[in-house]
1. Mind ranking ARG94, ARG6, ARG99 by accessible surface for me, highest first, 1.4 Å probe?
2. Which of the lysines could a cross-linker bridge to LYS75, judged by Cα under 25 Å and excluding same-chain residues fewer than eight apart?
3. Using a 7 Å offset from the Cα along the Cα-to-Cβ direction at both LYS64 and VAL17, what is the distance between the two label points in nm, to one decimal?
Amino acid sequence: MEVFGRYIHTYKFDEAVKDGVVLDLLYEARDIDQHVHDQKSIDEWFETITYGMNDLPKAELKKKWGTMQKVLSTKSRLEKIVFDIKMDFLMKPRLRDGRGNAMLVARSI
């Protein structure tokens, strides 16, 4: 607004959808089930690498490593999401025949 001044005209996304100029956005979250199958081994590994640490820094480290971000960023989870998206491009008609497109939005890459 400081550089160009007031709007001359606005055309909102929902108006464009209503007019048939653009297709509405479709959001599909990718939820991949994950399970820890060997909690004992994970606990043993943590105890081994934190051997000799005081209880407070050890607890802080465990809390930091146990965040959902760490779990949700595992390579195996990301590979499952990529596979799922690739299947969409093979199976969904508008993606398969090239008439549609898709956008991947992620927290980080």
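1. I get ARG6, ARG99, ARG94, largest accessible area first.
2. Straight-distance partners of LYS75: LYS40, LYS62, LYS63, LYS64, LYS86.
3. 4.3
The values are calculated or read from the model by the stated rules, or taken from the named source; none is laboratory data. Just so it is clear, the model here is predicted, and its values are computed rather than measured. For neighbour counting, all protein chains shown are included, and Cβ atoms are generated from backbone atoms with ideal geometry for every residue, glycine included. These area figures cover heavy atoms from the full protein model, side chains too; ligands, DNA and RNA do not enter into them. Shrake-Rupley method; radii C 1.70, N 1.55, O 1.52, S 1.80 Å.
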